[in-house]
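The values are calculated or read from the model by the stated rules, or taken from the named source; none is laboratory data. Source: prediction; values computed, not measured. When we count neighbours, we look across all protein chains shown, and the Cβ atoms used for this are built from the backbone with ideal geometry, even at glycine.
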Amino acid sequence: MKWLRWIACVLLAGGAGGIVAGAPNPDWFPKQQMLTIGVYYYPEAWPASQWARDMANIHKLGMEYVHMGEFAWYFMEPQEDNYQFDWLEKNVELAAKQGMKVILCTPSATPPIWLTRKHPEILMVDKAGRTMDHGSREQADWSSPVYREYVTKIVTELVKRFGHNPHVWGWQIDNELSHYGRHYSYSPAATAKFRNWLRETYGTVDRLNQAWGGAFWSEMYQNFDQIDIPNTETLVADPSPHAMLDFERWFAHETADYLQMQANIIRKYSQNQWVTTNYMTLNKDVDPSLSSNNLDVFTWTHYPVHGEMNEGKLGFRLGSAEQMSFMHDFMRPFTGLSGLMELQPGQVNWGDVNPWPLPGAIHMWIMRAFGADARLVCTYRYRQPLFGSEIYHKGLVEPDGVTPSPGGREYAQAMRDIVELRKHYDSNAREPADYTARRTAFLIHYDNWWDIDNHPQTTRWSTVGHWMRYYRALKTMMAPVDVITPDRDFSKYPFVVAPAYQLIDDDLIHRLTAYAQNGGHLILTCRTAEKDPNGHLWETLWAEPIYTLIGAKIPFYDLLPPGVVGHVNAAGKNFVWGSWGEILEPQQGTEVLAKYADQFYAGRPAAVTHKLGRGTVTYIGVDTLDGELERVLLHRVYESAGAAPANLDPNFLVDWRDGFWVATNLASQPEAIPAGASAHLLVGGREVPPGGVAVWTQ
Ligand code: GAL
C-alpha cells in the first residue's frame, strides 16, 4: 500500500510538471475509459467527396479519434501568409459528427517548396557537408532562426484557428523529430547554436579546454568561435570523446528546445488541449527525458514487424517483446499519460523485407499497450496510399478505401475488447501486493549511452543490448518496471537496477548509498562509475568511487576477441560471456555470487552482493552473451528480498492494470497464464497461443 500511495503521488507530481498546463486535466483521459484507439487520416491526399464516407467508416471500425495534419504544411499555407484551414476544419467537423475526437499536428516535418526555395538556409547539412533538398521530410534545420520564425507563424495560425475547437483533443508536435539516418545537421546555424550552448555551459574557453581534455593532441581552443561540430568526415583520427559527448548533449537539448518552442505556442493559443510529440523507439539522438516538463502526454511510434528476426521461429511475425515493453515503461513514468501514437496496421514498406504480421499479432500489440497502462493507441494509417513512397504500406482498409484489411479487423476487435473491459472497470481495484513488491526503477541516462558508444572498447558491446538483458530478466520475473532518469525520485522503489551507469557524480553515489541504507535493493552492473560527468576517468583506482557502495574493488576488466568466449560459474551452472568482464575483489562481508571459470583469472569473482544498512547492493561485473546469468542473479536478489519472482518465458509478458491482468504472447509456442483457479477470463483462454492475449480478473 505504501508503494501504491507513492505511485499515485508520482503520477500527479509528474503531470503537474507541464509548463503552463498544470495538473493533467481529468477529462483528457478519463480513468474509466482506460485506453482509446484512433487512426491517422490524410484528407489532403483524398478527394473531398470521400471525406465524409471515410470518417463514417473509421467510426464504424470503432475508432474513437482521428489524427491529422502532420505533413500538410503546403495545404495549410500554399503561399506565404496565405493560410487555408477550411479543409481541415471541415474534417474536424466530419469527425465530430461521428462522435470522434481529433488530434491535430504541427506540420513542421515538411516545409513547403516556396519556403525552401526562398530560404535555402533552412535546410540541414549532412555530415559530408551536403545540403539536403526538398522532396522528402525532416530536411529542415530547427537550429535555423529563419526556420523557427516560419514554424512559429504557421503553428500560431493553426492553433489560433483550432485551439478552442472543442473537438480538438490534443496536439502532436512535428513527426518523429529527427533527421532519420542523417542524424545531425552540420549547418552554419547549428554550428552557431552549438557554440552558444558551449559558451553558456562553460563560460570561459579555458573551462571548456579542461572539460574537453584539450591538453591531449594540442586540441586547445582560444575562443568559442574556433569550435566546429566534431565530424568524423573531417577529422583524420578519433574526435575528442568529450567534444562528441557535448555535441550529443547539445543536439538533444536543441531538439527539446524546439519542441518547447512549439509547445509554448500551442499553450498560448489553446485551451484544455494536451500536447505531445511522437518519439521513435529508443532513438539515441533525441532524449525524451529532456522534455519531461514540457509535454503532457508521452507517445512513441512502433513498427514491431519489418523483417527483423527477433526470437523464436515466429519472432519475425510477432516483434520484440523486450523492445515493446521497455518503451511503454520508459514513456509512462514521465507524466503518467502515455501511448502509442503510431502502430503498424499490417505490412510496412520500409524494412529490408516486409513480412506479414502473424494473424492476431496486431490485436496483441494493442492489448500489450493496454497492459502497460497506455492511455491511447493510434494506428498509422487508415487508408493504404495509392501514391508516394509508402505505397506498399498497409492501412486499416484495402486500396479500394472501404474494405477493412485484416489489420483493420484486428483494430476493430481490440476496440470491441476495450469497450467490453470498460464495463468491468473498478475504480477501487488495488494493485496486488506481491506484484507491487517487485516494483523496480530502471535507471538510465543518455549521457551513459552516448559516452559508452563513443568509446565502446570492444565491438562486442551493445549498450542497449546490455540494458535489455536486465530489463528482459525483470519481465520474466513479472516485475512492474519504470524506466526513469536520475532526476526522478527512485528512493521509494523496492528495487533499483542501474545498468552500465558509466558517468556518475558524487551526488548520485550518495543517493544510491542512502537508498540501500534505507532498505532498498540496488543492482549495479559492469562499466558503472568509470568516469565523472565530463567523461574523464577518476584520478583514483579504477571506478574506486563506488568501492564502498558495492563492497568490492575492481582491479581490472577483460575483453575477449570475437570468437573467444569465457565462462562464469554461479548457482551450480555455467554461463558464457564475451564482451565485458570485470574481475572483482570482495571486501570482508561481501558474498561472491559468480566466479570466472577460465583465463588467468579463473576462480576470481565476477559478481558480488553485500548488505548495506537495511538494504543490499549487488554488483554484476560481467556481461553475458544471452543474459542468463543476469536473470539467475536478479532472481536470487528478489527472492532473498522476499519479493517472490515469477518465472515466465521472456517473450510472454504479464502485467496488471486497473484491476485486470493482461498476458500477451510474443513467444513462438503457447504459454499458460499464471492465474489461480478463481481467475475470471474476460479475453482469451488459459492457454495463450503465439500472438494471443488473455485478460482476466482475479
Ligand atoms: C513512421 C513515420 C510515419 C510513416 C511510418 C511508416 O516512422 O512516423 O510518418 O512514415 O513510419 O511506417
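The table that follows gives values for the structure above.
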| read-out | value |
| --- | --- |
| Evaluation of Ala602 against (1) among the aliphatic types (A, V, I, L, M); (2) surrounded by fewer than 22 Cβ atoms within 10 Å (Cβ to Cβ); (3) in a strand (DSSP E or B) (one fails), failing number | (3) |
| Residue list for the range 207-265, filter: in contact with a Phe, Trp or Tyr (Cβ under 6 Å, 6 or more places away or on another chain) and among the small types (Gly, Ala, Ser) | Ser240, Ala243 |
| Inter-residue pairs, beta-carbon under 8 Å, first touching a residue at least 60 places away in the same chain (Cβ under 8 Å) and in the range 552-576, second exposed (fewer than 14 other Cβ atoms within 10 Å of the Cβ) and in a strand (DSSP E or B), 6+ apart | Val568/Asn574 |
| Residues of the range 433-485 satisfying the condition of being hydroxyl-bearing (Ser, Thr, Tyr), in a loop (DSSP other than H, G, I, E, B) and within 16 Å of the chain's Cα centre (by Cα) | Thr485 |
| Failed condition for Trp212, given (1) within 23 Å of Thr152 (Cα to Cα); (2) more than 16 Å from the ligand (Cβ to nearest atom) | (1) |
| Qualifying residues in the range 277-294 (those that are without any contact (Cβ under 8 Å) to a residue 60 or more places away in the chain and within 16 Å of the ligand (Cβ to nearest atom)) - the one surrounded by the fewest Cβ atoms within 10 Å (Cβ to Cβ) | Thr281 |
| Every pair of residues 6+ apart whose Cβ atoms lie under 7 Å, when the first sits in the range 140-153 and is within 17 Å of Asn196 (Cβ to Cβ) while the second is of a type in the set (Phe, Trp, Tyr) and outside any helix (DSSP H, G or I) | Arg148/Trp142 |
| Any hit, the range 124-144, residues being within 16 Å of the ligand (Cβ to nearest atom), in a strand (DSSP E or B) and small (Gly, Ala, Ser) | yes |
| Any hit, the range 219-228, residues being in contact with a helix residue (DSSP H, G or I) (Cβ under 9 Å, 6 or more places away or on another chain) and under 24 Å from Val286 (Cα atoms) | yes |
| Of all residues in the range 501-524 being touching a residue at least 60 places away in the same chain (Cβ under 8 Å) and assigned to a loop (DSSP other than H, G, I, E, B), the one that is farthest from Ala211 (Cα to Cα) | Gly519 |
| Odd one out for Pro345 among (1) of a type outside the set (Ser, Thr, Tyr); (2) within 16 Å of the ligand (Cβ to nearest atom); (3) closer than 30 Å to Asp126 by Cα | (3) |
| Pairs, first under 18 Å from Asn165 (Cβ atoms) and more than 16 Å from the ligand (Cβ to nearest atom) in the range 65-93, second modelled with pLDDT under 95 and of a type in the set (Phe, Trp, Tyr), C-beta under 8 Å, six or more apart | none |
| Qualifying residue in the range 306-317 (condition: surrounded by 24 or more Cβ atoms within 10 Å (Cβ to Cβ), in contact with a helix residue (DSSP H, G or I) (Cβ under 6 Å, 6 or more places away or on another chain) and within 23 Å of Val464 (Cβ to Cβ)) | no |
| In the range 477-519, the residues that are of a type in the set (S, T, N, Q), surrounded by fewer than 21 Cβ atoms within 10 Å (Cβ to Cβ) and over 20 Å from Thr616 (Cβ atoms) | Thr485 |
| Some residue of the range 642-658 being farther than 27 Å from Val419 by Cβ and without any contact (Cβ under 8 Å) to a residue 40 or more places away in the chain | no |
| Filter result for the condition that a residue is free of Cβ contacts under 8 Å to residues at least 40 places away in the same chain, under 30 Å from Asp27 (Cα atoms), among the charged types (D, E, K, R) and more than 16 Å from the ligand (Cβ to nearest atom), over Asp225, Asp257 | Asp257 |
| The lone exception for Pro562 - which of (1) of a type outside the set (Asp, Glu); (2) surrounded by 15 or more Cβ atoms within 10 Å (Cβ to Cβ); (3) not in a strand (DSSP E or B) it fails | (2) |
| Pair list, Cβ < 9 Å and 6+ apart or interchain, from the range 298-311 residues that are farther than 13 Å from Trp356 by Cα and away from the ligand (no atom under 13 Å from the Cβ) to residues that are of a type in the set (Ser, Thr, Tyr) and part of a strand (DSSP E or B) | Phe298/Thr276; Phe298/Thr277; Phe298/Tyr279; Phe298/Ser338 |
| Verdict on Val402 being within 16 Å of the ligand (Cβ to nearest atom) and of a type in the set (Val, Ile, Thr) | no |
| Check on Leu337, under 17 Å from Thr276 (Cα atoms), within 14 Å of the ligand (Cβ to nearest atom) and either crowded, with 21+ Cβ neighbours inside 10 Å or not polar (S, T, N, Q) (or both) | no |
| Selection status of Arg430, assigned by TED's automatic domain parsing to the domain that holds Asp626 and either crowded, with 18+ Cβ neighbours inside 10 Å or of a type outside the set (Phe, Trp, Tyr) (or both) | no |
| Residue selected from the range 348-386 under the condition within 10 Å of the ligand (Cβ to nearest atom) and of a type in the set (Phe, Trp, Tyr), by the criterion nearest to Lys101 (Cα to Cα) | Tyr380 |
| Any hit, the range 260-276, residues being under 30 Å from Lys394 (Cα atoms), within 16 Å of the ligand (Cβ to nearest atom) and surrounded by fewer than 22 Cβ atoms within 10 Å (Cβ to Cβ) | no |
| Hits in the range 589-643 - residues which are among the aromatic types (Phe, Trp, Tyr) and closer than 30 Å to Pro432 by Cα | Tyr619, Tyr638 |
| Restricting the range 25-45 to residues that are within 14 Å of the ligand (Cβ to nearest atom) and of a type in the set (A, V, I, L, M), the residue that is farthest from His424 (Cα to Cα) | Ala45 |
| Selection count, the range 681-696, where residues are outside any loop (DSSP other than H, G, I, E, B) and more than 24 Å from Ala429 (Cβ to Cβ) | 1 |
